[in-house]
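Okay, so here's the structure we're looking at.
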Amino acid sequence: MADNVFLALQNNSEAQPIIEAILEDNPGAVANESPGMVKINCPGRLVVRRETVEEKMGRKFDLQEIHINLISLGGNIDEDDDELVIAWNT
Amino acid sequence: MTIDLKTTSIEPLRKTFDHIAEKIGPDKAATRYQEAVWGLQPIVNQHYRPTWDPAKTLYDTSRTAVVMEDFDDLIDPRQYYYGTWTIQRGKQQDSQEKNFNFVESRGLLTGMESAWKDKIRRLIVPLRHVAWGANTNNSYIAAYGFGGPVCSAAAFQMMDHLGIAQYITRTGLILAENDPKALDDAKALWMSDEMWQPMRALVEEAMVTKDWFELHVLQNFLIDGTVHPLVFGKFDALVTQHGGAAYSMMNEFTIEWFAEASRWVDAVIKRAAQESEANKTHIEGWIAKWIPRVQGALKPLSDVAFDGEGDGAIEEVVDHLMTRAGKIGLDL
């Protein structure tokens, strides 16, 4: 599965809206729950959109806040204020 | 010897309380907000009717014309429960306190022209009584409303308004170099000056409005929705243009709060209007009934703020409010 990118987040109430947002914005994403952690695999490209997270959270969200609960990720990153995209540069 | 580390994943039998699972489905993780506000409303076993209103039960859905299948649907998009709300307001209080200290310790208002200071005294300081009226009205909504989400959010709105009244008081005191007479003068304006009487009449009528959802529309949508953009939006910008940036600093919380609270106000009205055509008609009727009164009450304030040319500002503010109403699905 070399084409998969992934994002692993702590499974807590702060990360819950982020996880929900990712699953909503990336139809191909699959969440695997491990103890204390949620690892989200997605073929090709995975995007975290600030707006969707804000809607789920009910407050303003700075994409950098994701690092508080981010455990690991796999893929090349392209980020700006509105989106964090993980994909493999070929 | 090698040791294999294995993890065992234990699936919890229940992800949340049963009454929450009934609303969102058994497999979804509930948010803290949902767990904090849903199912709080007592609905059964109300054995005794209140002596002050024996026609109704203690908690009664008929205290408003709005009918909801489940009042727990009137949720707050900010997802405030006691914890999140106090943390957020605590942060804002720290920042606001710094602003006041900064303005006061450096005497930033001393250089302001007296004509502008006088305008703030006439227009802003008496607004503490309007904010107190809003506090009382939201207290009524929290007390007589139905459903945990709307009542708890109304209680936050109530305390927010008390905070705003206190901040306005601080501004008035700083402007008057801490002479408390400034507050007595503002009260005298509120009680007897011509310019404040239509607004005082409106606030007092709101206080005796019995239907709590009508009061929500009147106080939180119409009164706040016009007074704040006019006074803390347009007038604030005008003062800033005339060397009053320090004054605007003292309104930081109020301006930020209005944008935030409007999201809750709109979401509640939008959800109630979506529920049924009858609800929508009631809400539109209340807006049509009160908007001329609100415009009338703003007129003298706007004239003082913009030197007799207040009509244009009111028109813009009302237009903007009607756009808000359109966005939440009302036809006006």
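The values are calculated or read from the model by the stated rules, or taken from the named source; none is laboratory data. Because the structure is predicted, anything quoted here is derived from the model rather than measured. Note: ideal-geometry Cβ built from the backbone for every residue, glycine included; neighbour counts use all protein chains shown. All accessible areas refer to the heavy atoms of the entire protein, side chains included, with ligands and DNA or RNA removed. Shrake-Rupley method; radii C 1.70, N 1.55, O 1.52, S 1.80 Å.
Structure notes:
- Loop chymotrypsin sites (Phe, Trp or Tyr not before Pro), the range B:1-63, which have at most 15 other Cβ atoms in a 10 Å radius of their Cβ (DSSP): B:PHE17, B:TYR48, B:TRP52
- Kirkwood radius, the protein assembly as shown, all distinct C-alpha pairs, inverse of mean reciprocal distance: 24.4 Å.
- For the range B:1-43, a drop of 50 Å² or more in accessible area on going from the chain alone to the assembled protein chains (1.4 Å probe) is found at no residue.
- Taking the accessible area of chain A, probe 1.4 Å, and keeping the other protein chains in place, the carbon and sulfur fraction comes to 47%.
- Taking all protein chains together and rolling a 1.4 Å probe, B:ILE87 ends up with roughly 110 Å² accessible.
- By the rule of a C-alpha distance below 29 Å, with chain neighbours fewer than 8 residues away ignored, the lysines paired with A:LYS39 are A:LYS56, A:LYS60, B:LYS6, B:LYS15, B:LYS23, B:LYS28.
- Efficiency of FRET from Cβ geometry, B:LYS28 and B:SER276, R₀ 35 Å, rounded to 0.05: 0.85
- Rounded if a/c under 1.5, otherwise prolate or oblate - the range B:167-242, Cα gyration tensor axes: oblate
- The accessible area of B:LYS98, taken with all protein chains in place and a 1.4 Å probe, comes to roughly 140 Å².
- Stokes-Einstein D for chain B, Kirkwood Rh over Cα pairs, 20 °C, 1.002 mPa s (µm²/s): 98
- Distant-in-sequence amide H partners of B:GLY39 (H built 1.01 Å from N, under 5 Å): B:GLY148
- Anchor B:LYS117: lysines whose Cα lies under 24 Å away (excluding residues fewer than 8 positions away in-chain): B:LYS98, B:LYS181, B:LYS187, B:LYS234, B:LYS299
- Spacing of the two label points (7 Å from each Cα toward its C-beta) at B:ALA201 and A:GLU33, in nm: 6.1
- Interface A:B - total buried accessible surface [probe 1.4 Å, Å², rounded to 100]: 600
- Restriction of the GluC sites (Glu not before Pro) in the range B:247-321 to DSSP coil positions whose beta-carbon has at most 16 other beta-carbons within 10 angstrom yields B:GLU309.
- Remark: spin-label model distance B:THR323-B:GLU256 equals 2.5 nm, labels positioned 7 Å along the Cα→Cβ axis.
- Förster-model FRET efficiency, 35 Å R0, B:HIS47 and B:ASP70, C-beta, rounded to 0.05: 0.90
- For chain A, convex hull of alpha carbons as volume per residue, Å³: 82
- 1.4 Å probe, heavy atoms, protein only - residues of the range A:49-69 losing at least 30 Å² accessible area vs chain alone: A:GLY58
- Label-point separation, B:TYR82 to A:VAL85 (7 Å along Cα→Cβ), nm: 4.6
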